[in-house]
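Report on the following structure.
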Amino acid sequence: MSSSVALDEVSKAGSVLSGPLQSHDFPAWFREQQQEAWKQFESLPSPTRKDQLWRFSNVDLLDLKSFKVGGELSDKDRDAILEQSSGLDSVAARLVFAGDQLIERDVISEQLKKRGVIFQPLERAMVEHTDLFQKHFMSQPAVLGSAKFAALHKALVSSGTFLYVPRGVEIELPIEIFHWLPGESASVFPHLLLITDELAKVTVVEHFRSLDRQVAGFACGVNDLIAGPGAKVTYVCAQTWGENVRALQMNTTTVDHDASALSLNLHLGAKYSRFESLSRLTGEGGRSDLLAVSVADGEQEFDARTLQDHVSPHTASDLLYKNALDGRARCTFGGLIRVEPHAHFTDAYQKVRNLLLSDDAEANSMPGLEILADNVRCTHGATSGQIDEDEMFYLRSRGIPTKVAQRLLVTGFLNEVIQRLDQPAIAAHLHQLIEEKFAV
């Protein structure tokens, strides 16, 4: 097939670069918002490696011409996705998305509904809970480099998850969400809008997967996580996209007074995956833990950019990112701890550790501090190194094959991060995904 014919086929299916689809029955105000976002996307320049926020990134991989939106899901693919949407054994509720379609929904219990918990697709929430939706949906600007892609997401998002947990409600079991890329050159725009009221507690696990692990795809996701006063929010991302996927994920967490938010991001898939995490501590006594684990091989590239933004005094944040890189894999980390004026008595940490499993692997780390207040304690650091030869010799001398010994050492290296989650069932699932990555 010639390239011109191929492009014609893409345009018929609806190209990512053709603008918002008109087929969705959204409220007029949301459609106007999407049109404005599309204008913003078109007006903003594409990133280059000369931009500090894209330094070391392979921006050439973000050519979107070949990716399409929409399209019908066959019964065969639908059945395959539902069959493979397995994660945790016990959950409070579950949604499964394929592309922009919600294909399965396990609703929350009647007891939680009666207590005011709302768990529904975005398109229903924007109609039934307009005020909450408009107040919090993408309310924070994308300041870590991907403003153009945040605008693209806002223009094209057509489905996603809305979760509201009212005052004093604790949801004991995790809520689970699956996002699937269903086919060749498909695109997906996952969105999670999570709002917790005072003293609420919830854990959400999102899975990002490809039905065909060989084909190209594009993912551009956004999370809005709002932890109300005294609330406790735990968010887990398990990213296992196919090996030819380009993915961007932009997370914004807002932490009110005496609240805590913990996010753990596991990155295993995709050809190129960029993850941006902005954590704003807006109330005294707030705490944010930013955790991430990446395992990359071949020519995979992972790119993480973070901002721990301390707005109020007496707040704490702790970032721990660990990466294990084999083959010609590359990772980049650019992170900033910013202490705003008057945010005295801030306690902030940032640590990045890279384990290089081959001579061709590459890790670039750029931690930073911007302190505009007094009486603070802030530390940051980044290290890169190879597997300890003595540890490897110890395992090999006991008859353990080299590959198995290496896997054991890498698993132990990464386990420090996963243990911080303090949820054994989720931790076991994440370890299983890491084992599957090593088995490929």
Original post:
Of the conditions (1) over 27 Å from Leu194 (Cα atoms); (2) modelled with pLDDT of 95 or more; (3) crowded, with 16+ Cβ neighbours inside 10 Å, Ser43 fails just one. Which one is it?
Top reply: (3)
Original post:
Would segment 348-361 turn up any residue that is under 20 Å from Asp303 (Cα atoms), of a type in the set (Gly, Ala, Ser) and part of a strand (DSSP E or B)?
Top reply: no
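For every residue, the table says whether it meets (1) surrounded by fewer than 20 Cβ atoms within 10 Å (Cβ to Cβ); (2) assigned to a loop (DSSP other than H, G, I, E, B).
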| site | (1), (2) |
| --- | --- |
| Phe97 | no, no |
| Gln111 | yes, no |
| Arg124 | yes, no |
| Val127 | yes, no |
| Asp131 | yes, no |
| Gln140 | yes, yes |
| Gly145 | no, yes |
| Lys154 | no, no |
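For segment 416-434, which positions are assigned to a helix (DSSP H, G or I) and either touching a residue at least 12 places away in the same chain (Cβ under 8 Å) or in contact with a Phe, Trp or Tyr (Cβ under 7 Å, 6 or more places away or on another chain) (or both)?
The answer is Glu416, Val417, Ile418, Ala425, Ile426, His429, Leu430, His431, Leu433, Ile434.
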Subject >> Among the candidates Ser277, Ser263, residue that is outside any loop (DSSP other than H, G, I, E, B), open to solvent by less than 10 Å² (accessible area, probe 1.4 Å) and touching a Ser or Thr at 6+ places or on another chain (Cβ under 9 Å) >> reply: Ser277
Original post:
His129 versus (1) at pLDDT 95 or above; (2) touching a helix residue (DSSP H, G or I) at 6+ places or on another chain (Cβ under 9 Å); (3) over 30 Å from Ala329 (Cα atoms); (4) not acidic (Asp, Glu): which is the lone unmet condition?
Top reply: (2)
**OP:** Tell me which of these Leu102 doesn't satisfy, since it passes every other one: (1) touching a Ser or Thr at 6+ places or on another chain (Cβ under 7 Å); (2) surrounded by fewer than 19 Cβ atoms within 10 Å (Cβ to Cβ); (3) assigned to a loop (DSSP other than H, G, I, E, B).
**Re:** (3)
**OP:** Would you check if Glu391 is without any contact (Cβ under 8 Å) to a residue 60 or more places away in the chain, assigned to a helix (DSSP H, G or I) and under 23 Å from Lys271 (Cα atoms)?
**Re:** no
Original post:
Does Glu370 satisfy being exposed (fewer than 15 other Cβ atoms within 10 Å of the Cβ), of a type outside the set (Gly, Ala, Ser) and either at pLDDT 85 or above or more than 27 Å from Val339 (Cβ to Cβ) (or both)?
Top reply: yes
**OP:** Considering each residue of segment 288-335, count those that are out of contact with any Lys or Arg (no Cβ under 9 Å at 6 or more places or on another chain), open to solvent by less than 20 Å² (accessible area, probe 1.4 Å) and part of a strand (DSSP E or B), and give that number.
**Re:** 5
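The values are calculated or read from the model by the stated rules, or taken from the named source; none is laboratory data. Since we're looking at a predicted model, the values are computed, not measured. Every residue, glycine as well, gets a Cβ built from its backbone with ideal geometry; the counts of neighbours run over all protein chains shown. Each accessible area value is taken on the protein alone, full model and side chains, heavy atoms only, with ligands, DNA and RNA left out. Shrake-Rupley method; radii C 1.70, N 1.55, O 1.52, S 1.80 Å.
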